[in-house]
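Chemist: Dropping a structure here in C-alpha coordinates format, bear with me for questions.
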Amino acid sequence: MQILSIHNNYQIRGGEDESREAEEKLLREMGHAVDVYQEHNDRVPSIGAVPMGLRSIWSKESYNIVKQKLQQSNCDIVHIQNFFPLISPSVHYAAKSEGVPVVQTLRNYRLLCPNGLFFRDGLVCEDCMGKFIPYPGVWHGCYRDNRPATIAVATMLTVHRAMRTWLEMVDVYISLTEFARQKFIAGGFPAEKIVVKPNFVHPDPGVGNGSGGYALFVGRLSVEKGLDTLLAAWNYLEGKVPLKIIGEGPLADQVVESVKRLPNVEWLGRKPITEVHKLMGEAMFLVFPSKWYETFGRVAVEAFAKGTPVIAANIGAIAELVDAGRTGLLFSPGNPEDLATKVQWAMAHQELLAQMRQEARNEFESKYTAQQNYYRMMEIYELAANRSLLKI
(Lines give C-alpha, C1' and ligand atoms only; values in the text may rest on other atoms or scores of the structure.)
Protein backbone atom coordinates (compact mmCIF):
# COMPACT_ATOMS: atom_id res chain seq x y z
CA MET A 1 0.00 0.00 0.00
CA GLN A 2 1.15 3.54 -0.75
CA ILE A 3 0.20 6.32 1.67
CA LEU A 4 0.66 10.08 1.49
CA SER A 5 0.90 11.50 5.00
CA ILE A 6 0.23 15.24 5.38
CA HIS A 7 1.28 17.17 8.47
CA ASN A 8 1.88 20.74 9.61
CA ASN A 9 4.55 20.65 12.34
CA TYR A 10 4.34 22.85 15.42
CA GLN A 11 7.10 25.21 16.53
CA ILE A 12 7.40 23.32 19.81
CA ARG A 13 7.41 19.60 19.15
CA GLY A 14 4.64 17.74 20.97
CA GLY A 15 2.59 14.57 21.11
CA GLU A 16 0.95 15.14 17.72
CA ASP A 17 4.32 15.26 15.98
CA GLU A 18 5.60 12.22 17.87
CA SER A 19 2.47 10.18 17.16
CA ARG A 20 2.26 10.82 13.43
CA GLU A 21 5.98 10.03 12.99
CA ALA A 22 5.45 6.79 14.90
CA GLU A 23 2.62 5.84 12.52
CA GLU A 24 4.71 6.58 9.45
CA LYS A 25 7.65 4.58 10.81
CA LEU A 26 5.44 1.62 11.66
CA LEU A 27 3.82 1.59 8.21
CA ARG A 28 7.25 1.55 6.57
CA GLU A 29 8.41 -1.27 8.83
CA MET A 30 5.38 -3.27 7.70
CA GLY A 31 6.38 -2.87 4.08
CA HIS A 32 4.23 0.06 2.97
CA ALA A 33 5.48 3.04 0.99
CA VAL A 34 4.94 6.30 2.87
CA ASP A 35 5.45 9.66 1.23
CA VAL A 36 5.25 12.75 3.43
CA TYR A 37 4.19 16.30 2.65
CA GLN A 38 4.91 18.52 5.62
CA GLU A 39 5.22 22.16 6.52
CA HIS A 40 6.65 23.74 9.67
CA ASN A 41 5.30 26.68 11.63
CA ASP A 42 8.76 28.25 11.67
CA ARG A 43 7.76 29.61 8.24
CA VAL A 44 4.78 31.56 9.57
CA PRO A 45 6.59 34.81 10.58
CA SER A 46 8.13 35.17 7.11
CA ILE A 47 4.80 34.99 5.29
CA GLY A 48 2.96 37.97 6.82
CA ALA A 49 -0.36 38.20 8.62
CA VAL A 50 -2.75 38.78 5.71
CA PRO A 51 -1.16 36.26 3.30
CA MET A 52 -1.01 33.77 6.16
CA GLY A 53 -4.71 34.22 6.91
CA LEU A 54 -5.62 33.68 3.27
CA ARG A 55 -3.31 30.70 3.00
CA SER A 56 -4.95 29.02 6.02
CA ILE A 57 -8.27 29.10 4.14
CA TRP A 58 -6.91 27.86 0.81
CA SER A 59 -3.29 27.24 -0.11
CA LYS A 60 -2.87 26.96 -3.85
CA GLU A 61 0.73 25.88 -3.24
CA SER A 62 -0.32 22.95 -1.06
CA TYR A 63 -3.09 21.98 -3.49
CA ASN A 64 -0.63 21.84 -6.39
CA ILE A 65 2.02 19.95 -4.41
CA VAL A 66 -0.41 17.26 -3.29
CA LYS A 67 -2.06 16.97 -6.70
CA GLN A 68 1.33 16.57 -8.36
CA LYS A 69 2.43 13.95 -5.83
CA LEU A 70 -0.74 11.94 -6.46
CA GLN A 71 -0.40 12.19 -10.24
CA GLN A 72 3.16 10.86 -10.04
CA SER A 73 2.31 7.88 -7.81
CA ASN A 74 -0.21 5.12 -7.32
CA CYS A 75 -1.27 6.43 -3.92
CA ASP A 76 -3.91 4.37 -2.13
CA ILE A 77 -4.64 6.67 0.83
CA VAL A 78 -4.12 10.31 1.74
CA HIS A 79 -3.81 10.54 5.52
CA ILE A 80 -4.17 14.10 6.82
CA GLN A 81 -2.68 14.50 10.28
CA ASN A 82 -2.72 18.30 10.68
CA PHE A 83 -3.29 20.89 7.96
CA PHE A 84 -3.33 24.12 9.98
CA PRO A 85 -2.21 26.79 9.26
CA LEU A 86 0.22 26.45 6.33
CA ILE A 87 -1.24 23.52 4.41
CA SER A 88 -4.98 24.32 4.52
CA PRO A 89 -8.02 22.20 3.56
CA SER A 90 -7.11 22.65 -0.10
CA VAL A 91 -5.32 19.30 0.19
CA HIS A 92 -8.64 17.56 0.83
CA TYR A 93 -9.79 18.77 -2.58
CA ALA A 94 -6.51 17.84 -4.25
CA ALA A 95 -6.92 14.27 -3.00
CA LYS A 96 -10.54 14.03 -4.11
CA SER A 97 -9.72 15.49 -7.54
CA GLU A 98 -7.45 12.47 -8.05
CA GLY A 99 -9.97 10.01 -6.63
CA VAL A 100 -7.82 9.07 -3.61
CA PRO A 101 -9.57 8.16 -0.31
CA VAL A 102 -8.98 10.60 2.55
CA VAL A 103 -8.43 9.70 6.21
CA GLN A 104 -8.04 12.49 8.75
CA THR A 105 -6.87 12.14 12.33
CA LEU A 106 -8.57 14.48 14.82
CA ARG A 107 -5.54 15.27 16.98
CA ASN A 108 -7.05 18.45 18.42
CA TYR A 109 -10.40 20.29 18.42
CA ARG A 110 -9.49 22.83 15.72
CA LEU A 111 -12.53 21.96 13.59
CA LEU A 112 -14.82 22.88 16.50
CA CYS A 113 -12.89 25.59 18.34
CA PRO A 114 -10.63 28.35 16.96
CA ASN A 115 -7.82 27.68 19.43
CA GLY A 116 -8.22 23.92 19.13
CA LEU A 117 -8.37 23.36 22.89
CA PHE A 118 -11.85 24.20 24.23
CA PHE A 119 -9.93 26.25 26.79
CA ARG A 120 -9.98 29.99 27.58
CA ASP A 121 -8.82 32.12 30.51
CA GLY A 122 -7.68 29.07 32.43
CA LEU A 123 -10.99 27.21 32.13
CA VAL A 124 -12.76 24.81 29.80
CA CYS A 125 -14.82 26.75 27.25
CA GLU A 126 -17.31 25.35 24.73
CA ASP A 127 -18.85 28.67 23.62
CA CYS A 128 -18.13 27.94 19.93
CA MET A 129 -19.43 24.37 20.02
CA GLY A 130 -22.10 23.85 17.37
CA LYS A 131 -21.99 27.43 16.06
CA PHE A 132 -21.73 27.73 12.26
CA ILE A 133 -19.72 30.93 12.74
CA PRO A 134 -17.50 30.66 15.85
CA TYR A 135 -17.98 34.31 16.81
CA PRO A 136 -17.36 33.91 20.58
CA GLY A 137 -13.81 32.84 19.78
CA VAL A 138 -13.36 35.92 17.60
CA TRP A 139 -14.70 38.19 20.32
CA HIS A 140 -12.27 36.77 22.86
CA GLY A 141 -9.34 36.51 20.42
CA CYS A 142 -8.91 32.86 21.41
CA TYR A 143 -6.26 31.95 18.83
CA ARG A 144 -2.92 33.15 20.20
CA ASP A 145 -4.75 35.92 22.13
CA ASN A 146 -4.99 37.73 18.80
CA ARG A 147 -8.34 38.83 17.39
CA PRO A 148 -7.20 39.34 13.76
CA ALA A 149 -5.53 35.92 13.78
CA THR A 150 -8.67 34.39 15.31
CA ILE A 151 -10.77 36.00 12.56
CA ALA A 152 -8.61 34.13 10.03
CA VAL A 153 -9.16 30.81 11.82
CA ALA A 154 -12.89 31.44 12.21
CA THR A 155 -13.14 32.37 8.53
CA MET A 156 -11.39 29.14 7.54
CA LEU A 157 -13.79 27.11 9.67
CA THR A 158 -16.88 28.94 8.40
CA VAL A 159 -15.90 28.83 4.72
CA HIS A 160 -15.27 25.11 4.83
CA ARG A 161 -18.44 24.45 6.76
CA ALA A 162 -20.28 26.27 3.99
CA MET A 163 -18.38 24.21 1.39
CA ARG A 164 -19.25 21.02 3.35
CA THR A 165 -15.55 20.12 3.36
CA TRP A 166 -15.70 18.31 6.71
CA LEU A 167 -18.78 16.33 5.67
CA GLU A 168 -17.91 15.40 2.08
CA MET A 169 -14.13 15.54 1.61
CA VAL A 170 -13.15 13.04 4.31
CA ASP A 171 -14.02 9.33 4.10
CA VAL A 172 -13.00 8.37 7.65
CA TYR A 173 -12.03 10.42 10.69
CA ILE A 174 -9.82 8.90 13.36
CA SER A 175 -10.51 9.96 16.94
CA LEU A 176 -7.94 8.98 19.54
CA THR A 177 -10.51 8.30 22.28
CA GLU A 178 -14.24 7.81 22.67
CA PHE A 179 -14.39 11.03 24.69
CA ALA A 180 -13.04 13.08 21.78
CA ARG A 181 -15.28 11.19 19.34
CA GLN A 182 -18.36 12.20 21.31
CA LYS A 183 -17.24 15.85 21.27
CA PHE A 184 -17.04 15.85 17.49
CA ILE A 185 -20.41 14.15 17.20
CA ALA A 186 -21.87 16.82 19.49
CA GLY A 187 -20.28 19.40 17.19
CA GLY A 188 -22.17 18.08 14.17
CA PHE A 189 -19.80 15.53 12.66
CA PRO A 190 -21.45 12.31 11.40
CA ALA A 191 -20.99 9.54 13.96
CA GLU A 192 -20.64 6.86 11.28
CA LYS A 193 -17.55 8.59 9.87
CA ILE A 194 -15.60 8.72 13.15
CA VAL A 195 -13.75 5.64 14.39
CA VAL A 196 -11.50 5.30 17.43
CA LYS A 197 -7.85 4.34 17.16
CA PRO A 198 -5.53 5.33 20.01
CA ASN A 199 -1.89 6.31 19.74
CA PHE A 200 0.72 3.67 20.53
CA VAL A 201 4.30 3.36 21.76
CA HIS A 202 6.89 1.82 19.45
CA PRO A 203 9.39 0.41 19.95
CA ASP A 204 8.42 -1.01 23.31
CA PRO A 205 10.67 0.86 25.80
CA GLY A 206 10.52 -1.99 28.32
CA VAL A 207 9.48 -2.01 31.95
CA GLY A 208 11.18 0.19 34.53
CA ASN A 209 11.61 -0.59 38.23
CA GLY A 210 10.17 2.59 39.77
CA SER A 211 13.09 2.85 42.16
CA GLY A 212 13.91 6.52 41.56
CA GLY A 213 11.86 7.80 44.48
CA TYR A 214 10.40 10.78 42.57
CA ALA A 215 7.26 11.92 40.77
CA LEU A 216 7.52 12.99 37.13
CA PHE A 217 5.81 15.52 34.87
CA VAL A 218 6.40 15.43 31.10
CA GLY A 219 4.79 17.94 28.76
CA ARG A 220 4.40 21.48 27.55
CA LEU A 221 4.89 24.06 30.28
CA SER A 222 1.55 25.83 29.81
CA VAL A 223 -1.63 26.69 31.69
CA GLU A 224 -3.83 24.14 29.91
CA LYS A 225 -1.38 21.40 30.86
CA GLY A 226 -1.97 22.25 34.51
CA LEU A 227 1.48 23.52 35.46
CA ASP A 228 -0.04 25.94 37.96
CA THR A 229 -1.97 23.08 39.59
CA LEU A 230 1.14 20.92 39.72
CA LEU A 231 3.35 23.58 41.33
CA ALA A 232 0.65 24.60 43.80
CA ALA A 233 0.21 20.97 44.85
CA TRP A 234 3.95 20.65 45.50
CA ASN A 235 3.74 23.77 47.59
CA TYR A 236 1.21 21.94 49.77
CA LEU A 237 3.51 18.92 49.93
CA GLU A 238 6.34 21.11 51.28
CA GLY A 239 9.08 19.29 49.42
CA LYS A 240 8.30 15.89 50.95
CA VAL A 241 8.02 14.24 47.51
CA PRO A 242 10.76 14.85 44.93
CA LEU A 243 9.45 16.06 41.55
CA LYS A 244 11.20 16.15 38.18
CA ILE A 245 9.74 18.31 35.39
CA ILE A 246 10.53 17.66 31.72
CA GLY A 247 9.43 20.05 29.00
CA GLU A 248 9.49 23.60 27.74
CA GLY A 249 6.90 26.26 27.08
CA PRO A 250 5.50 29.66 28.04
CA LEU A 251 5.50 28.98 31.80
CA ALA A 252 9.21 28.14 31.92
CA ASP A 253 9.98 31.26 33.98
CA GLN A 254 7.35 30.25 36.52
CA VAL A 255 8.92 26.80 36.77
CA VAL A 256 12.36 28.34 37.31
CA GLU A 257 11.01 30.47 40.17
CA SER A 258 9.29 27.45 41.72
CA VAL A 259 12.48 25.41 41.55
CA LYS A 260 14.24 28.16 43.51
CA ARG A 261 11.50 28.25 46.11
CA LEU A 262 10.39 24.62 46.46
CA PRO A 263 12.79 21.97 47.77
CA ASN A 264 13.09 18.72 45.81
CA VAL A 265 11.64 20.18 42.59
CA GLU A 266 13.92 19.90 39.56
CA TRP A 267 13.40 21.21 36.02
CA LEU A 268 15.26 19.15 33.42
CA GLY A 269 14.16 21.10 30.33
CA ARG A 270 13.63 19.21 27.11
CA LYS A 271 15.05 15.69 26.90
CA PRO A 272 15.41 13.08 24.11
CA ILE A 273 12.66 10.48 24.14
CA THR A 274 15.04 7.69 25.19
CA GLU A 275 16.02 9.65 28.30
CA VAL A 276 12.38 10.54 28.98
CA HIS A 277 11.45 6.86 28.93
CA LYS A 278 14.33 6.00 31.25
CA LEU A 279 13.18 8.63 33.75
CA MET A 280 9.59 7.43 33.41
CA GLY A 281 10.58 3.89 34.26
CA GLU A 282 12.40 5.00 37.40
CA ALA A 283 9.60 7.33 38.57
CA MET A 284 7.18 6.24 41.28
CA PHE A 285 4.37 7.72 39.22
CA LEU A 286 3.69 10.21 36.44
CA VAL A 287 1.57 13.29 37.19
CA PHE A 288 -0.79 14.39 34.40
CA PRO A 289 -2.54 17.55 35.68
CA SER A 290 -4.14 18.87 32.45
CA LYS A 291 -7.06 21.28 32.76
CA TRP A 292 -8.35 20.96 29.19
CA TYR A 293 -10.06 18.20 27.21
CA GLU A 294 -7.02 16.25 26.08
CA THR A 295 -7.81 14.28 22.92
CA PHE A 296 -5.51 11.50 24.16
CA GLY A 297 -2.54 11.67 26.55
CA ARG A 298 0.49 10.12 24.90
CA VAL A 299 2.83 10.50 27.87
CA ALA A 300 0.38 8.53 30.03
CA VAL A 301 0.54 5.59 27.63
CA GLU A 302 4.33 5.88 27.53
CA ALA A 303 4.28 5.67 31.32
CA PHE A 304 2.06 2.56 31.13
CA ALA A 305 4.61 0.98 28.78
CA LYS A 306 7.26 1.52 31.46
CA GLY A 307 4.93 0.09 34.11
CA THR A 308 4.52 3.49 35.78
CA PRO A 309 1.11 4.47 37.26
CA VAL A 310 -0.40 7.85 36.40
CA ILE A 311 -2.03 10.37 38.72
CA ALA A 312 -4.23 12.37 36.35
CA ALA A 313 -6.88 15.06 36.34
CA ASN A 314 -10.38 13.65 36.03
CA ILE A 315 -11.16 15.46 32.78
CA GLY A 316 -11.33 14.75 29.06
CA ALA A 317 -9.67 11.80 27.39
CA ILE A 318 -7.03 11.28 30.08
CA ALA A 319 -9.78 10.27 32.51
CA GLU A 320 -10.74 7.61 29.95
CA LEU A 321 -7.18 6.26 29.81
CA VAL A 322 -6.51 6.02 33.55
CA ASP A 323 -8.50 3.39 35.47
CA ALA A 324 -8.61 4.86 38.97
CA GLY A 325 -7.35 2.43 41.59
CA ARG A 326 -5.91 0.05 38.97
CA THR A 327 -3.51 1.91 36.64
CA GLY A 328 -3.34 5.13 38.65
CA LEU A 329 -5.43 7.72 40.46
CA LEU A 330 -7.70 10.60 39.42
CA PHE A 331 -8.01 13.99 41.07
CA SER A 332 -10.32 16.95 40.59
CA PRO A 333 -8.96 19.07 37.70
CA GLY A 334 -7.43 22.38 38.74
CA ASN A 335 -7.51 21.37 42.41
CA PRO A 336 -3.97 21.32 43.87
CA GLU A 337 -5.17 20.22 47.30
CA ASP A 338 -6.81 17.12 45.82
CA LEU A 339 -3.71 16.38 43.74
CA ALA A 340 -1.54 16.67 46.86
CA THR A 341 -3.91 14.34 48.70
CA LYS A 342 -3.66 11.71 45.93
CA VAL A 343 0.13 11.98 45.95
CA GLN A 344 0.19 11.49 49.71
CA TRP A 345 -2.10 8.46 49.36
CA ALA A 346 0.22 6.92 46.79
CA MET A 347 3.24 7.49 49.02
CA ALA A 348 1.44 5.85 51.96
CA HIS A 349 0.36 2.77 49.95
CA GLN A 350 3.53 1.46 48.37
CA GLU A 351 2.24 -2.11 48.04
CA LEU A 352 -0.81 -0.95 46.08
CA LEU A 353 1.42 1.32 44.00
CA ALA A 354 3.52 -1.72 43.12
CA GLN A 355 0.37 -3.56 42.00
CA MET A 356 -0.55 -0.56 39.87
CA ARG A 357 2.80 -0.86 38.12
CA GLN A 358 1.90 -4.33 36.88
CA GLU A 359 -1.60 -3.22 35.89
CA ALA A 360 -0.22 -0.21 34.02
CA ARG A 361 2.03 -2.49 31.99
CA ASN A 362 -0.87 -4.87 31.35
CA GLU A 363 -2.90 -1.91 30.07
CA PHE A 364 -0.17 -1.06 27.60
CA GLU A 365 0.13 -4.63 26.37
CA SER A 366 -3.62 -5.01 25.90
CA LYS A 367 -4.32 -1.69 24.11
CA TYR A 368 -1.32 0.34 22.98
CA THR A 369 1.20 -1.87 21.18
CA ALA A 370 2.34 -1.28 17.62
CA GLN A 371 0.94 -4.59 16.36
CA GLN A 372 -2.58 -3.85 17.58
CA ASN A 373 -2.39 -0.34 16.18
CA TYR A 374 -1.21 -1.55 12.79
CA TYR A 375 -4.12 -3.97 12.39
CA ARG A 376 -6.55 -1.22 13.34
CA MET A 377 -4.96 1.17 10.85
CA MET A 378 -5.33 -1.34 8.03
CA GLU A 379 -9.01 -1.76 8.90
CA ILE A 380 -9.49 2.00 8.76
CA TYR A 381 -7.70 2.37 5.43
CA GLU A 382 -9.82 -0.41 3.97
CA LEU A 383 -12.98 1.25 5.28
CA ALA A 384 -11.95 4.57 3.70
CA ALA A 385 -11.21 2.91 0.36
CA ASN A 386 -14.58 1.17 0.33
CA ARG A 387 -16.45 4.37 1.17
CA SER A 388 -14.55 6.28 -1.50
CA LEU A 389 -15.51 3.67 -4.10
CA LEU A 390 -19.19 3.99 -3.16
CA LYS A 391 -19.05 7.71 -4.01
CA ILE A 392 -17.77 7.13 -7.54
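The values are calculated or read from the model by the stated rules, or taken from the named source; none is laboratory data. Just so you know, these numbers come straight off a predicted model, no measurement behind them. Every residue, glycine as well, gets a Cβ built from its backbone with ideal geometry; the counts of neighbours run over all protein chains shown. Heavy atoms of the whole protein, side chains included, go into the accessibility calculation; ligands, DNA and RNA do not. Shrake-Rupley method; radii C 1.70, N 1.55, O 1.52, S 1.80 Å.
Chemist: Condition first: at pLDDT 95 or above, open to solvent by 10 Å² or more (accessible area, probe 1.4 Å) and either of a type outside the set (V, I, T) or not in a loop (DSSP other than H, G, I, E, B) (or both). Now tell me which residues in the stretch 129-142 satisfy that.
Modeler: M129, K131, F132, Y135, P136, V138, W139, H140, C142
Chemist: Restricting to the stretch 263-281, count the residues that are within 23 Å of G328 (Cβ to Cβ) and open to solvent by less than 60 Å² (accessible area, probe 1.4 Å).
Modeler: 7
Chemist: Residues of the stretch 100-133 being at positive phi and touching a residue at least 40 places away in the same chain (Cβ under 8 Å), which ones? Full working, then the answer.
Modeler: Residues of the stretch 100-133 at positive phi: 116, 118, 121-122, 130.
Within the stretch 100-133, F118, G122, G130 qualify.
Chemist: Kindly evaluate Q38 against the criterion of being under 17 Å from H92 (Cα atoms), surrounded by fewer than 20 Cβ atoms within 10 Å (Cβ to Cβ) and outside the structural domain of I246 (by the TED database).
Modeler: Considered against the rule, which asks whether it is under 17 Å from H92 (Cα atoms), surrounded by fewer than 20 Cβ atoms within 10 Å (Cβ to Cβ) and outside the structural domain of I246 (by the TED database), Q38 comes out as yes.
Chemist: Only one of (1) in contact with a Gly (Cβ under 7 Å, 6 or more places away or on another chain); (2) over 27 Å from S88 (Cα atoms) is not met by G212, so which one is it?
Modeler: (1)
Chemist: Also, I was wondering about something else. For residues that are open to solvent by less than 20 Å² (accessible area, probe 1.4 Å) and hydroxyl-bearing (S, T, Y), scanning just the stretch 1-35, find the one that is nearest to Q372 (Cα to Cα).
Modeler: Ranking the qualifying residues of the stretch 1-35, first place goes to S19.
Chemist: Shifting gears a bit: If you check K225 against the conditions, is it open to solvent by 30 Å² or more (accessible area, probe 1.4 Å) and in a helix (DSSP H, G or I)?
Modeler: Working: open to solvent by 30 Å² or more (accessible area, probe 1.4 Å): yes; in a helix (DSSP H, G or I): no.
No: the conditions fail for K225.
Chemist: Only one of these conditions is not met by I185: (1) free of Cβ contacts under 8 Å to residues at least 24 places away in the same chain; (2) open to solvent by less than 30 Å² (accessible area, probe 1.4 Å). Which number is it?
Modeler: (2)
Chemist: Here's another thing I want to ask about it. Among the residues of the stretch 196-214, is there at least one that is assigned by the TED database to the domain that holds L117 and without any contact (Cβ under 8 Å) to a residue 40 or more places away in the chain?
Modeler: yes
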